[in-house]
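As structure tokens, the structure follows; a few thoughts come after it.
The values are calculated or read from the model by the stated rules, or taken from the named source; none is laboratory data. On a predicted model such as this, the values are computed, not experimentally measured, just so you know. Reconstructed Cβ throughout: ideal geometry from the backbone, glycine too, with neighbour counts over all protein chains shown.
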Amino acid sequence: MNFEFSEDQLFIREQARNFLSQECSADVVRSVLDTDVAYHEPLWQKIVDLGWTAMALPEAHGGLGLGYLELCVVAQELGRALAPVPFSSSVYLASEAIKTWGSQAQQEHYLPRLAAGELIGTLAHSEGLGADAVASSVTGDVINGTKLPVPDGGSAHFALVTANDTDGELCLYLVDLQQDGVHRQTLQTLDPSRGHASITMHNATAQALGNGSVGAPALAELLDRAAVLLAFEQLGGCEAAMESGIAYTKERYAFGRPVASFQAIKHKFADMFVALELARANAYYGACALACDAPDLPLAAATARVSAGDAYYYISKENIQAHGGMGFTWEFDCHLYYRRAQLLSSTIGTQHQWKQHVATRLLQAA
């Protein structure tokens, strides 16, 4: 496969990088990390104004009518900047699900408001894909159950919730998180710059997504698409973490020489580079399959997710080591990448679960 982004897509990436380098410094990330706010509202509003939340939505519903590849390059830069905003939950999950499986009335109600940033959505699903793994249930239009952890659950206006219907089948439901029957509690996570919450629903009102039979197959497809986009966020984080380590070792001197000149450090960065390029190759494979809606998207998504997750964890950890004793301090930014790497590795499923997906899908392909 010979895949590369077009000149227009690379231009979007360049503009996104320039914008985030000015508007999303480490101080912005730390301002959320050090406080009780769920996300950085000024940055989020500027992202909305740029049209990123509308990028992949149809023009008929207030979107820009662009594609997944444009979204991939923006995701990469958001990951590079460690942006503390609910972009992935609202765009990769909520908007994508309603755009693909929502009824016409649901699309007309939600999509323009999601595109304009008036609404923030998320996915409330922390179990497996089978109905026997989901404890939440729906009778008529009333839902009961608890979901945790829910990414951006404290700031989202609504959630797509997985629950069992009266026939015991897993289905997706739209739930207004601001109604009286919903209780939310903020959770403490390794990376507070990306808020999480537990959501308890007691006799809350729920609306079935689409025709009421949107279930496990649609959920699996939604998670595959999100996995590719999150892999690009992880890829951007890998790049930034490695660049941070390289810049520091070039400036740090020991025994009268730059630390970067020592062979042991060179080997360390060589291993980091190999992990980064493997993640990049698999992310590009996933992007190509996503853009073409290829039959091998499930395998491409799982492979991208696994390689990007492993690479981000490894590079963020080795970046701390490359900084020496200073890498463990609060003042240096190394822990910001490590926190985000650990958090993203458990979003929409753990690394172990996605590795199982890779094995299963390889067997199916064979």
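Here are some notes:
- For the range 348-356, the criterion of being within 25 Å of Gly153 (Cβ to Cβ), outside the structural domain of Gly195 (by TED's automatic domain parsing) and of a type in the set (Val, Ile, Thr) is met by at least one residue.
- Residue list for the range 12-55, restricted to those being surrounded by 17 or more Cβ atoms within 10 Å (Cβ to Cβ) and among the hydroxyl-bearing types (Ser, Thr, Tyr): Tyr39, Thr53
Yes/no matrix, rows are residues, columns are (1) part of a loop (DSSP other than H, G, I, E, B); (2) among the β-branched types (Val, Ile, Thr); (3) assigned by TED's automatic domain parsing to the domain that holds Gly168:
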residue: Gln76; (1), (2), (3): no, no, no
residue: Ala83; (1), (2), (3): yes, no, no
residue: Ser88; (1), (2), (3): no, no, no
residue: Val91; (1), (2), (3): no, yes, no
residue: Ala97; (1), (2), (3): no, no, no
residue: Gln106; (1), (2), (3): no, no, no
residue: Leu111; (1), (2), (3): no, no, no
residue: Glu127; (1), (2), (3): yes, no, yes
residue: Asn144; (1), (2), (3): no, no, yes
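- Scanning the range 153-180 for residues that are of a type outside the set (S, T, N, Q), in contact with a Ser or Thr (Cβ under 7 Å, 6 or more places away or on another chain) and part of a loop (DSSP other than H, G, I, E, B) yields a total of 3.
- Looking only at the range 1-39, and only at residues there that are assigned to a helix (DSSP H, G or I) and of a type in the set (Phe, Trp, Tyr), the one that is nearest to Arg80 (Cα to Cα): Phe19
- Test: Leu278 is of a type outside the set (Ser, Thr, Tyr), in a helix (DSSP H, G or I), in contact with a Leu (Cβ under 9 Å, 6 or more places away or on another chain) and not assigned by TED's automatic domain parsing to the domain that holds Arg80: no
- Search result, residues across the range 187-200 that are hydroxyl-bearing (Ser, Thr, Tyr) and either more than 19 Å from the chain's Cα centre (by Cα) or in a loop (DSSP other than H, G, I, E, B) (or both): Thr189, Ser193, Thr200
- Considering the conditions (1) part of a helix (DSSP H, G or I); (2) farther than 18 Å from Met242 by Cα; (3) over 16 Å from the mean Cα position of the chain (by Cα), Gly327 is excluded by exactly one of them, (2).
- Positions within the range 328-366 being under 16 Å from Ala300 (Cβ atoms) and surrounded by fewer than 13 Cβ atoms within 10 Å (Cβ to Cβ), in sequence order: Ala359, Leu362, Leu363, Gln364, Ala365, Ala366
- Count of the range 57-74 residues which are assigned to a helix (DSSP H, G or I) and either under 18 Å from Glu108 (Cα atoms) or polar (S, T, N, Q) (or both): 3
- Hey, Ala287 closer than 27 Å to Arg252 by Cβ and either in the same structural domain as Tyr68 (by TED's automatic domain parsing) or in contact with a Cys (Cβ under 8 Å, 6 or more places away or on another chain) (or both) or not: no
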